[in-house]
Structures are given as C-alpha cells and as structure tokens.
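> Dropping a structure here in structure tokens format, bear with me for questions.
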Amino acid sequence: MTMSHLAPLPFGFEDLAPFVEKWARPTETGRNAIRWSASAEEFADFYATFMPRLASALERLDGVALDAMNEGEKTLFLLTAAFAEAAPHHELYGGSAEVPFSFAARRFVPAHGDTPSSAKAMR
Amino acid sequence: MNHPSEPPREAGRPLSHLDRSVAQIRSELGIDPVSVDGIRDPRIYALEQEKIFRRTWLKVATTSELPETGDYKVKELPVVDTSLLVVRGKDGKVRAFHNVCTHRGNKVVPNADFETLGRARAGVVTCRFHGWVFGTDGPLRSVPLEEAFGTLDKACLGLREINCEVWQGFVFVNLAEEPEQTLADYLGDFGTLFAGYPYEEASTIFRYSTVLECNWKVALYAFSEGYHVPTIHAGSLPGFRGIEHADFKLIGPHASSTIYGAGMDTAASTAQFAGVLHASEHHGPRPDLLPPGINPTRRPDFQFELPNIFPNFIIHLASGCGYPGMAYFTHQFWPLDHGRTLWEGINYFRPARTAAERVAQFHVNALHRNAWLEDTATMEDSFVGIRSGAIDSMQLMDQEFLIRHAMRVQQSYLAA
C-alpha cells in the first residue's frame with residue numbers, strides 16, 4: 001500500500017516529504033503495521049528529521065479545527081500522527097519495533113477501530 | 001513526599017470514615033502471605049461464577065456508547081453464560097435483555113465478537129432465524145404466520161429483561177432474579193466518592209482488548225497496585241520519581257487509593273505533545289474537577305485514583321493530572337473460563353478541537369498502550385508460575401492492599 005495519493009505537504013514542510021510514502025497512514029492499524037516493520041535506522045532517520053520540525057508541525061495543526069483540515073494539512077496530520085507513535089521507539093525503546101519486555105502487540109486489538117470513539121460497530 | 005505547608009484534613013470531612021493509615025490497613029487486613037488457591041483451583045472459579053458474577057453488579061457499557069434512541073450494544077458474558085443486549089429505548093431509557101429470541105433461543109442480534117455496537121432503526125430488533133420482531137423496550141411486536149401457532153401469548157414472550165441501572169453514565173447489570181441490593185446500595189460510599197466528575201464529557205475513547213491465558217484475578221491484581229511501576233514500566237515511563245501510593249480507603253466490597261508522583265524523565269517528543277494538551281483549558285490538568293474526597297488537599301503531584309470496584313472493574317480517575325490530557329481510564333477483567341480472561345482497557349479523553357490536540361492524544365494514548373503491553377507481559381507468566389505449584393502463597397506489601405482486600409471480599413462472597 002502506498003500513500004502516493006496523499007496531497008503534498010503544506011508550504012514550508014516540503015523537507016518532510018520523503019517520509020510521507022513510508023510512514024503516513026490513515027489508521028492506527030496501518031500505522032502499527034509500518035511501525036512493527038521499521039528498523040532502528042528508519043526510526044532514527046525519521047526522528048532526526050521530524051523532531052526539529054515537531055513544534056512547527058504542531059503549531060500549524062493547532063491552528064486548524066480537526067474537521068476543517070485541507071488536503072495538505074491532512075497529509076501533515078497523518079505524518080505527525082505516525083511520528084507521535086514512532087518517536088518512543090527511538091527515544092525510549094532503543095530503536096526496537098517492539099516495546100521491550102512486553103506482551104505481543106499484535107494480540108492487542110484496538111477495538112475502537114480506525115478512529116477513536118467508534119467501537120467496532122455495525123452502524 | 002512531604003507537604004508540610006498543607007493544612008491537616010478536617011475531622012468532619014465527608015467520607016473521612018473511609019480513610020485508613022498503613023497501620024490500620026495492616027491491622028484490618030493482616031500482613032501474612034495469602035494463598036494462591038483461589039487463582040489455581042478451577043473449582044473455585046465455578047463457585048465464583050455462581051456466587052460472585054451472578055450476584056453482583058457488573059459494568060457492561062457507558063451511556064455515551066448509546067447516545068441515540070435505538071443504539072445498542074451486544075456483549076458476550078461467558079462467565080454467566082449470557083449474551084447481553086443493552087439498548088436505549090424510545091423513551092430514552094437504557095435497558096438490558098438476554099439477547100435471546102423467545103421463540104427457540106436464537107440470538108436476536110448476531111455478533112461475531114465479544115462486543116458489538118449497532119443501531120436498531122425503527123425501534124425494533126428482528127431475529128434472523130424466523131423473523132420475530134421485538135421492540136427495543138422489550139415486548140414481542142410481531143410473529144410471522146402467527147395464526148399457525150394455534151395459540152401464542154405474545155404478551156408473555158417479550159425479551160427477557162435483566163436488572164440494569166446506571167451510575168454516573170456507567171451501565172451496570174445484575175444477573176440475579178432479584179438483586180440483593182440496588183446499584184446505589186451496592187456501590188455505597190464508592191458511589192459518593194467518585195460521583196460528580198463529568199465522565200460523559202470525555203467521549204473520545206481508545207479501547208483495547210486482548211484474551212489473556214490466565215485466571216481473571218491474575219490480571220485484576222496486576223493492575224491493582226503501583227509497586228510495579230518503577231520496574232515493569234522502566235521502558236515506557238522511565239525515571240518515574242517519588243511515586244507514592246497513598247490515601248488508602250476501604251469502602252465495603254470496594255477499595256481505593258491514590259497514586260501521587262513527582263513525574264518522570266519526559267522524552268523530548270512527549271514534552272511537546274503534552275504541551276499542546278497542557279496549554280489547553282479544555283485538556284489541561286483539572287484537579288478542581290475531582291470529587292472532593294479524591295486528592296482532598298489538592299496536591300499538585302496527584303496522578304490518578306486507583307480503586308477496585310468489586311468484582312472486576314477499575315476506574316483510574318486522573319482529570320488530566322496523570323497522563324497528559326487523559327480524563328480517566330478503565331480496566332475490566334472478564335473471565336472466559338478458569339484460565340482465560342478478556343481484558344479491556346479504555347482511555348477516555350475530552351474531544352479534540354484542533355488537529356494538534358488529536359495527534360497529541362494519539363501520542364499519549366500510544367505511550368499508555370505501550371505501558372499496558374508491559375503490564376500484560378507478566379500475567380500469563382504469573383499464571384503458569386502459580387499453576388506449577390512452586391509457590392502456595394503470595395507475599396503482599398502495603399501498596400498491594402487492594403489485592404489483599406479483594407481476596408477477602410471474594411472469600412466472603414464464596415462463603416455466603
């Protein structure tokens with residue numbers, strides 16, 4: 001699955017573009033799959049580039065309502081969401097895709113589905 | 001931690017009769033090792049099904065999961081051999097029924113998982129086997145080819161109702177024909193201690209579940225103390241300093257305690273994500289919203305309240321003080337059989353307004369989910385160890401008093 005259909009990042013965030021294809025995914029399940037397959041080098045590369053830009057990304061996203069993002073902002077949102085979940089693997093887990101000394105993450109079911117607040121629902 | 005400038009607690013403070021010092025806890029609950037038989041022995045599990053789970057009030061839903069007329073939740077409760085249908089009727093009331101067609105016993109609402117949410121449009125649910133139609137308030141509305149039954153007393157063939165009551169937006173059921181206590185009486189002072197927090201405003205929910213190969217009490221006990229935090233969570237909560245497990249309270253069959261802490265070595269990314277939430281009046285720490293009996297002196301290092309609600313429910317009330325932006329989180333432990341447990345962990349946040357608030361919630365939720373992965377790593381191993389017969393008892397320290405208390409209550413129910 002590629003994310004090549006995502007719109008380009010907003011003006012000023014072009015330097016993050018090389019990470020969109022690898023990391024940006026629309027769902028927690030999708031982000032999990034990428035994270036679980038990432039190497040320590042990939043976590044380190046993503047972190048080295050994104051961490052210095054995190055404040056700018058959050059500032060930009062703080063200026064837009066959750067339901068009013070334009071397409072470029074959505075791409076930035078998904079990339080920042082990926083970083084939100086990937087950063088601890090570099091900062092805390094020594095580049096491991098697994099949480100050290102942990103239960104198998106694949107056995108943990110995100111029962112809220114792809115977005116919080118909606119349980120696995122038939123509606 | 002010392003807070004010498006704080007005023008002493010007023011003697012007349014409401015609910016102060018619940019408070020226990022460590023010395024009192026030791027005196028009331030003892031300090032001796034406790035037997036692991038209750039975990040190890042399958043015959044005790046069979047007794048628990050009858051004497052605990054069929055007698056006590058069990059939390060099965062929240063009203064915010066069922067906001068609209070016709071919204072329902074099917075919940076499988078193997079511990080009481082029941083498929084439950086919780087549904088909001090046309091009159092707005094939430095009721096619980098056996099999810100069982102009164103024709104021949106089929107499930108009225110089929111489900112493929114332990115829990116399914118849906119909406120009954122037109123205020124009815126229809127059994128897919130032969131098309132019997134029931135109102136969401138229970139009555140049997142229509143039966144195809146009704147005249148071919150000869151006689152059919154439809155008035156007596158509504159869905160079988162289960163006692164259901166709501167406290168603070170938490171929906172509880174009681175499987176007993178006639179519960180020994182109302183939910184309010186069952187919760188007692190716990191209901192007062194935890195009441196008044198705007199639980200329903202925290203409607204952004206991240207919910208995780210897993211099936212653990214362990215007895216349900218191994219999982220419950222693992223989440224019932226703060227003693228494990230510096231070791232188990234050395235990865236996800238590094239450098240957690242000054243953790244203080246305090247304000248012990250005994251509340252009938254329930255009990256509670258408070259986790260204070262001076263914080264941890266916050267990672268650089270966490271500091272920025274947390275900053276988004278802490279800067280917001282909507283998501284920032286709100287100790288003022290805590291019920292008055294929780295963190296009564298409003299200590300700034302309050303993290304969350306850690307209770308056990310008998311038999312299988314925990315509400316960690318944080319009000320944004322512990323994990324950034326998190327209002328509260330809950331655990332529930334559903335026995336599937338003696339050696340298997342469905343664990344449910346749910347993080348509750350207030351709805352994000354901006355895109356930055358939502359990604360910050362993703363980060364906090366991920367950290368907490370990862371900490372849960374560290375917690376659950378111990379449970380199956382502990383159960384193997386206990387079943388092996390290598391130890392006959394557990395050694396419990398002061399911060400593990402919720403376990404000691406829960407075991408006492410279990411024993412009193414089993415003896416009744």
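The values are calculated or read from the model by the stated rules, or taken from the named source; none is laboratory data. Remember, predicted model here, so these are calculated numbers, not experimental data. Note that each Cβ is placed from the backbone with ideal geometry, even for glycine, and that neighbours are counted across all protein chains shown. What goes into the accessible areas is simple: the full protein's heavy atoms, side chains included, and nothing from ligands, DNA or RNA. Shrake-Rupley method; radii C 1.70, N 1.55, O 1.52, S 1.80 Å.
> Give the residues of the range A:23-41 that are under 24 Å from A:GLY72 (Cα atoms), open to solvent by 60 Å² or more (accessible area, probe 1.4 Å) and part of a helix (DSSP H, G or I), sorted by residue number.
Passing the criteria: only A:THR29.
> In the range B:99-119, which residue that is open to solvent by less than 10 Å² (accessible area, probe 1.4 Å) and more than 10 Å from chain A (Cβ to nearest Cβ) is farthest from B:ALA61 (Cα to Cα)?
Here the residue is B:CYS101.
> What single numbered condition from (1) in contact with a Pro (Cβ under 8 Å, 6 or more places away or on another chain); (2) in a loop (DSSP other than H, G, I, E, B); (3) open to solvent by less than 10 Å² (accessible area, probe 1.4 Å) fails to hold for B:VAL79?
That leaves (2) as the condition not met.
> Is the range B:324-345 home to any residue that is surrounded by fewer than 23 Cβ atoms within 10 Å (Cβ to Cβ), touching a Leu at 6+ places or on another chain (Cβ under 9 Å) and not in a strand (DSSP E or B)?
No, the range B:324-345 contains no residue that is surrounded by fewer than 23 Cβ atoms within 10 Å (Cβ to Cβ), touching a Leu at 6+ places or on another chain (Cβ under 9 Å) and not in a strand (DSSP E or B).
> Another question, if that's okay. Looking at (1) modelled with pLDDT under 95; (2) touching a strand residue (DSSP E or B) at 6+ places or on another chain (Cβ under 8 Å); (3) surrounded by 16 or more Cβ atoms within 10 Å (Cβ to Cβ), which is the only condition A:LEU61 fails?
(1)
> Pick from the range B:276-296 the residues that are open to solvent by less than 60 Å² (accessible area, probe 1.4 Å) and hydrophobic (A, V, I, L, M, F, W, C): which of them is nearest to the other protein chains (Cβ to nearest Cβ)?
Applying the filter and picking the extreme gives B:VAL276.
> Report every pair of residues separated by at least 6 positions or lying on different chains whose Cβ atoms are under 8 Å apart, first residue within the range B:256-275 and within 14 Å of chain A (Cβ to nearest Cβ), second open to solvent by 30 Å² or more (accessible area, probe 1.4 Å) and among the basic types (Lys, Arg).
B:MET264/B:ARG241
> I want to confirm something. Restricting to the range B:376-394 and keeping residues that are open to solvent by 10 Å² or more (accessible area, probe 1.4 Å) and facing chain A (nearest Cβ under 9 Å), which single residue is modelled with the lowest pLDDT?
The extreme case among them is B:ALA377.
> If you don't mind, another one. Would you confirm whether or not the range B:357-371 contains a residue that is part of a strand (DSSP E or B) and either within 13 Å of chain A (Cβ to nearest Cβ) or modelled with pLDDT of 95 or more (or both)? It would help to see each step written out before you state the result.
Applying the first criterion (part of a strand (DSSP E or B)) to the range B:357-371 yields none.
Within the range B:357-371 (the criterion being part of a strand (DSSP E or B) and either within 13 Å of chain A (Cβ to nearest Cβ) or modelled with pLDDT of 95 or more (or both)), the answer is no, since none of the residues qualifies.
> Of everything in the range A:27-58 that's in contact (Cβ under 8 Å) with a residue 60 or more places away in the chain and charged (D, E, K, R), which residue is nearest to A:HIS90 (Cα to Cα)?
My answer is A:ARG35.
> What number of residues within the range B:345-395 satisfy the criterion of being more than 20 Å from the chain's Cα centre (by Cα), over 30 Å from A:GLY63 (Cβ atoms) and of a type in the set (Asp, Glu)?
Summing the residues that are more than 20 Å from the chain's Cα centre (by Cα), over 30 Å from A:GLY63 (Cβ atoms) and of a type in the set (Asp, Glu) in the range B:345-395 gives 3.
> How do the pairs read when you match residues in the range A:59-71 that are at the interface with chain B (Cβ under 7 Å from one of its Cβ atoms) with residues anywhere that are surrounded by 11 or more Cβ atoms within 10 Å (Cβ to Cβ) and part of a loop (DSSP other than H, G, I, E, B), using Cβ under 6 Å and keeping only pairs 6 or more apart or on different chains?
A:LEU66/B:ALA352
> Among the residues of the range B:82-98, write down those that are open to solvent by less than 10 Å² (accessible area, probe 1.4 Å) and either within 14 Å of chain A (Cβ to nearest Cβ) or free of Cβ contacts under 8 Å to residues at least 24 places away in the same chain (or both).
Residues satisfying the conditions are B:LEU85, B:VAL86, B:VAL87.
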